[in-house]
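Written below as structure tokens is the structure these notes are about.
What follows draws every value from the coordinates through simple rules; no lab data is involved. Quantities reported herein were computed from a predicted structural model and do not represent experimental measurements. Positions of Cβ are generated from backbone atoms using ideal geometry, with glycine treated the same way; all protein chains shown enter the neighbour counts.
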Amino acid sequence: MDPIQENQQTALVSRLMKACGGAYTPETRRKYYISGPQWAAAYQGQALFHAPTRPPIGFEEIIRKFAEIGVGYWTTHDTDVIPTEALGTARQWEIVDRIGKALGEHGLKCSMVTTETFFHAVWAAGPAAESPAIREYAKFRVSNTVEIGHTLGASFAVYWPGSLGYYVQGVVEETEALGWYADALNAACERDIEVARSKNRPTLKHCLEAKPFEPQAEILLPTSDAMLAFIASGLLKHPEMVGLNPEYLHELMWGAAPRAALARALIAKKLFHFDINDGYRLKHDVDIGIGLVNPLDWLNVLVLLRSHNYTGPFNLDYKPPRTTSQWGVFEVSFPSAVDRFITLWEMAGEVSCDPIIQEATEALKAGAAVQEGADAEELTRAHRELLTLHELIAHRLFQILIGQHRGRVFIHA
């Protein structure tokens with residue numbers, strides 16, 4: 001193949017994208033509770049060791065692009081769209097008004113807002129720092145985000161306490177810091193109750209998002225399980241308002257099983273919101289698009305959520321690769337991520353009613369025919385062949401993933 005001229009490259013990508021097939025219409029995509037984050041679409045490819053590879057892009061253009069793709073919901077951090085120095089001022093409300101108009105013009109809804117408590121230098125010691133003045137500022141920030149959320153019609157507020165921790169040991173008294181962090185959440189919930197009453201709206205669902213490491217060396221609430229314990233600790237004045245926003249990769253990063261973490265949140269009735277992406281165990285937060293690394297695991301995750309009637313948002317919290325152009329972000333990254341999610345979600349529904357999986361599962365739950373009072377050896381012998389169904393079920397899931405259950409096979413000539 002000859003070198004591809006610059007003015008021919010977008011046409012090549014578009015042609016090959018269409019040749020891939022399997023795309024859903026924007027109307028179909030809007031039927032799913034999929035939200036597009038401002039920060040993901042505006043990500044310029046920068047990182048600790050990486051310079052930006054894409055130019056900046058504003059929220060009006062991102063909202064327009066999401067509308068064209070068929071992403072029906074938009075999410076944002078406060079400072080994704082409002083400069084830090086403008087927070088709480090008249091300028092803030094001017095920007096919020098512009099956001100509302102853009103959302104209305106393009107038929108999107110704001111589903112979630114979140115507060116940046118990790119990037120600005122003011123958070124060097126975290127949102128629950130020793131300084132009372134910084135802690136008061138943290139209360140202002142989360143309470144202000146609650147007001148923004150209500151104004152934009154959001155239903156969820158998310159908190160990622162990534163800077164709640166320390167770099168070196170002995171400088172933080174953990175029980176104090178957790179209490180101070182609870183104070184900020186209490187302020188947000190109390191402000192929420194006030195604003196919701198004044199606007200005749202339901203209160204927001206406040207969602208904690210765990211991450212095992214980054215940016216601090218040690219994190220005080222590193223996992224969803226730690227956050228469940230924190231919610232139940234008695235430190236929160238309104239624990240019924242607070243739940244979880246697990247992120248798939250954040251659970252995977254520390255070597256855990258995201259599906260198991262989601263199951264524990266479901267049991268606690270605290271699975272409010274879900275950030276979807278992909279990546280690798282025991283690695284940094286690379287935020288790859290859903291299904292590109294662990295498609296079989298993702299299928300199993302969605303089987304679990306469908307079987308428990310999860311109806312919350314699926315937030316596309318991932319970073320389009322640095323190798324993708326800004327044009328490619330909206331032509332390839334987001335459309336393909338949405339379509340992979342829809343395909344996996346519908347596959348999960350197929351798994352739930354697959355007759356082979358159903359019969360195998362029912363047989364395992366029925367157990368073997370044994371006499372009352374059978375000892376360990378008799379129980380082992382009675383179930384030896386039956387337990388082979390575990391591997392058979394896994395094989396069937398793989399068949400459904402690749403379409404082999406519909407007769408798809410690969411044969412070399």
- Note on the structure: Among Arg30, Arg15, Arg191, the residue with the largest mean-square fluctuation in a Gaussian network model of the chain built from Cα contacts under 10 Å is Arg15
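Of all chymotrypsin sites (Phe, Trp or Tyr not before Pro) in region 1-77, which ones are in loop regions per DSSP and have a Cβ with at most 10 other Cβ atoms within 10 Å? Present the calculation step by step, with values, prior to reporting the outcome.
On the way: sites: Tyr24, Tyr32, Tyr33, Trp39, Tyr43, Phe49, Phe59, Phe66, Tyr73, Trp74; in loops: Tyr24, Tyr32, Tyr33, Tyr43, Phe49.
Loop-located and lightly packed - Phe49.
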- Of Ile34, Ile276, Ile402, the one that fluctuates the most in a GNM where the chain has Cα springs shorter than 10 Å: Ile402
- For the chain, state what percent of all Cα-Cα pairs lands in each successive 10 Å bin, counting from 0 Å until the bin that includes the largest distance. 4, 19, 29, 24, 13, 7, 2, 0
- Task: Would you mind listing how long region 355-406 runs along its three principal axes, going by Cα atoms, in whole Å with the largest first?
- Result: 44, 16, 9
- Residues with amide H under 5 Å from that of Phe274, placed H, sequence gap 5 or more: Asn315
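Chymotrypsin sites (Phe, Trp or Tyr not before Pro), restricted to region 209-298: which are DSSP loop and have at most 16 other Cβ atoms within 10 Å?
Values: sites: Phe213, Phe230, Tyr248, Trp254, Phe272, Phe274, Tyr280, Trp298; in loops: Phe213, Trp254, Phe272, Tyr280.
For chymotrypsin sites (Phe, Trp or Tyr not before Pro) across region 209-298 that sit outside H, G, I, E and B with at most 16 neighbouring Cβ atoms in 10 Å, the list reads Phe213, Trp254, Tyr280.
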- Message: Charges on Cβ only, +1 for Lys and Arg, -1 for Asp and Glu, centred on the Cα centroid of the chain; of Val171, Ile276, Leu48, which one is farthest towards the dipole's positive end?
- Response: Ile276
- Note on the structure: Among Lys65/Lys319; Lys101/Lys211; Lys31/Lys109; Lys109/Lys199; Lys18/Lys319; Lys18/Lys211, the pairs whose Cα-Cα distance exceeds 25 Å are Lys101/Lys211; Lys18/Lys211
- GNM top mover of Val142, Val13, Val242 - the chain, alpha-carbon springs below 10 Å: Val13
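Under 8 Å for C-alpha pairs, at least 6 residues apart: give me the relative contact order for the chain, rounded to a whole percent. Working shown, then result.
On the way: 631 pairs, mean separation 58.3, N = 413.
For the chain, the relative contact order is 14 percent.
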- Item | Over region 344-413, relative contact order from alpha-carbon pairs under 8 Å, at least 6 apart, % | 33 percent
- Query: Counting DSSP beta bridges with both partners in region 26-352, what percentage is antiparallel, nearest 5?
  - Reply: 15 percent
- What's the center-to-center distance, using Cα atoms, between region 40-61 and region 357-379 in Å? 56 Å
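Taking loop as defined by DSSP and a crowding limit of 15 other beta carbons within 10 Å, which trypsin sites (Lys or Arg not before Pro) in region 319-413 fit?
Details: sites: Arg322, Arg340, Lys365, Arg381, Arg384, Arg396, Arg406, Arg408; in loops: Arg322, Arg384, Arg408.
Of the trypsin sites (Lys or Arg not before Pro), the ones in loops of region 319-413 whose Cβ has at most 15 other Cβ atoms within 10 Å are Arg322, Arg384, Arg408.
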- Task: Find how many whole Å separate the alpha carbon centroid of region 273-316 from the alpha carbon centroid of region 95-173.
- Result: 24 Å
